[in-house]
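The values are calculated or read from the model by the stated rules, or taken from the named source; none is laboratory data. Predicted model, so just to flag it, every value in this text is computed and none were measured. Because the Cβ atoms are built from the backbone with ideal geometry, glycine has one as well, and the counts that use them run over all protein chains shown. Calculation scope for accessible area: heavy atoms of the full protein, side chains included, ligands and nucleic acids excluded. Shrake-Rupley method; radii C 1.70, N 1.55, O 1.52, S 1.80 Å.
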Amino acid sequence: MTEIREARADEGPILAGVQERASVAALAHIFPPERYPYPREVVRARWVDAVAEPRMRTLIAVSSEEPVGAACVSEGWLDGLYVVPERWGTGLAAELHGRALDFVRDLGSPFCKLWVLEDNIRARRFYERRDWRENGQTRVVEFPPNPLDIGYTLDF
């Protein structure tokens, strides 16, 4: 059984670990680890800041006392959604996604936006199956090799 709950203030590093496991598995074709080391400290700092920020909501999914998923939202944004690879295809991502969007709605936004790496086809398909649509925005990712992020929007 998996519990999804709000993350505690001390769980930022745990959430960062979930993101690292998911990202290394899903994005090695974009960020080959032998060429581009994972930006562990930057990611950790972002999660530590997120759990401390009152305008953000962070979720953690825990199964048998192991962290298996993480999500972060703010008003109008899904800032991140990560599931460890061992739980891909189990429905956990869909459940975590739904809970995260509930928080966005509770914050009063009539829509939600997110960024997805252009070459992260698995994630793009996941969001498109849930009615997210490209919104015409792009940005260059700060981490080498500086791939492109594609903006998506979901209207509530």
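Just a few scattered comments:
- Peptide ranges 139-146, 105-112, 14-21 listed from the most packed, as the mean C-beta count within 10 angstrom indicates: 14-21, 105-112, 139-146
- Amide H contacts of PHE111 (H built 1.01 Å from N, in plane; Pro and chain starts excluded): PHE156 sit under 5 Å, all sequence-distant by 5 or more or on other chains.
- (1) 9.6; (2) 12.2; (3) 8.7, with the label sought being that of the calculated mean projected area of the Cα convex hull in nm²: (3)
- Across the range 132-148, computed HN-Hα scalar couplings (Karplus, 6.51 cos²θ - 1.76 cosθ + 1.60, θ = phi - 60°) run 6, 10, 4, 10, x, 8, 9, 7, 8, 6, 5, 8, x, x, 6, x, 9 Hz from first to last residue, x flagging Gly and Pro.
- Taking θ as phi - 60° and the Karplus parameters 6.51, -1.76 and 1.60, the scalar couplings of the range 37-44 work out to x, 4, x, 3, 5, 5, 5, 4 Hz in sequence order, x denoting glycine and proline.
- Nonpolar atom fraction for the chain, defined as the carbon and sulfur part of the 1.4 Å probe accessible area, stands at 50 percent.
- Length-normalised contact order of the range 1-116 in % [C-alpha pairs under 8 Å, at least 6 apart]: 27
- Amide H contacts under 5 Å for ALA7: THR58, LEU59, ILE60, restricted to partners 5 or more places along the chain or on a different chain, H placed in the peptide plane at 1.01 Å from N.
- Residue by residue, the range 97-113 carries 3J(HN,Hα) couplings of 4, x, 5, 4, 5, 4, 5, 4, 4, 4, 7, x, 7, x, 8, 9, 10 Hz when phi is fed to the Karplus relation 6.51 cos²θ - 1.76 cosθ + 1.60 (θ = phi - 60°); x denotes Gly or Pro.
- Separation in nanometres of the label points that stand 7 Å from Cα toward Cβ, at VAL24 and VAL141: 1.6
- Anisotropy class of the range 80-156 from Cα gyration tensor, a/c 1.5 cut: oblate
- Other-chain or far-sequence residues with amide H under 5 Å of GLY80's (modelled H): CYS72
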